[in-house]
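Before any comments, here is the structure.
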Amino acid sequence: MASWKRDFASGLIVLGPILVTLYVIYWLYGLVAGVTPGLILKAEALESLIPGSTDQAVQTRRQLAQFLRVIVALTVFIILTFSVGYLMRTTIGGLVERVVDNVANRVPVMRVVYNASKMAAETAFGEQESLQKPVKLEVWDGLRMTAFKTGKVTEDGREVLFLPTSPNITTGFVIEVESEDIIDLDEDVEDALTRVLSAGFGDADRNRGMDAGVSIDVIDESQAGRSDDDD
């Protein structure tokens, strides 16, 4: 009984992340296909490639046209992303970003969503140097919390830190701390983010997969009973 449970759990550990990843990819594909306009490529344009008037031929042309529209939409999005990223390195890009931030922060509901989304994007896709160095703070006696340096310093010499919540790092607290109260960590930003995002369960240096976890020796009671009888 214990053997098949262990085999099932081991298979689930391997297949679970794969199935979740495939589902997310399928969901994203359906989302892009749903918002992609049919003007990009109509199914009738593929009639020379897939001739026929049967239901199967018509359905094949529709599916192929939908797939090609998704490819075109993703290609345009990637090119647009690179273009905007290059523009942000110029003076005009910085000015445009400040204007967009100013407009978004003037709308009550949009302000919260915009700032949270921007912080999440900067945390997930930004360079690690922008997050500065992870540190620890002893907020109470014997209790320490992980924070990140922002590179800012107050007028009285205190360092400005961002103390994220877990597992949602888009929220947190901006605190000002004396330099002597900060404990520097001998780890990079990725290790610290892994610990915070996983609510303390993750470890970037630990092996994943079948070797992870605590080994458990399973003893068959029937076999153990037979060994006692033989003795």
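Taking neighbour counts of Cβ atoms within 10 Å as a proxy for exposure, in what order, fewest first, do 169, 92, 50 appear?
Fewest-to-most Cβ neighbours within 10 Å comes out as 92, 50, 169.
Taking R0 as 30 Å, what FRET efficiency do you get between residue 103 and residue 199 from their Cβ-Cβ distance, rounded to the nearest 0.05?
Given R0 = 30 Å and the Cβ-Cβ separation, E is 0.25.
Once label points are set 7 Å from the Cα along Cα→Cβ at both residue 122 and residue 186, what is their separation, rounded to one decimal in nm?
Distance between the two pseudo-spin positions: 3.1 nm.
Sort 29, 86 so the one with the fewest other Cβ atoms within 10 Å of its own Cβ comes first.
With the fewest neighbours first, 29, 86 line up as 86, 29.
Measuring from label point to label point, each 7 Å out along Cα→Cβ, what is the residue 96 to residue 58 span in nm?
The answer from the label model is 4.4 nm.
Compute the distance in nm between two label points, each set 7 Å from the Cα along the Cα-to-Cβ direction, one at residue 84 and one at residue 50.
Output for this residue pair reads 3.2 nm.
Highest mean first, what order results for 148-156, 51-59 on Cβ atoms within 10 Å?
Per-residue Cβ counts within 10 Å, averaged per peptide and sorted highest first, yield 148-156, 51-59.
Bear in mind that the values in this text are calculations on the coordinates, not laboratory data. As the structure is a computational prediction, the values presented were derived from the model and not from experiment. With ideal geometry, Cβ positions are generated from the backbone for all residues, glycine too; neighbour counts draw on all protein chains shown.
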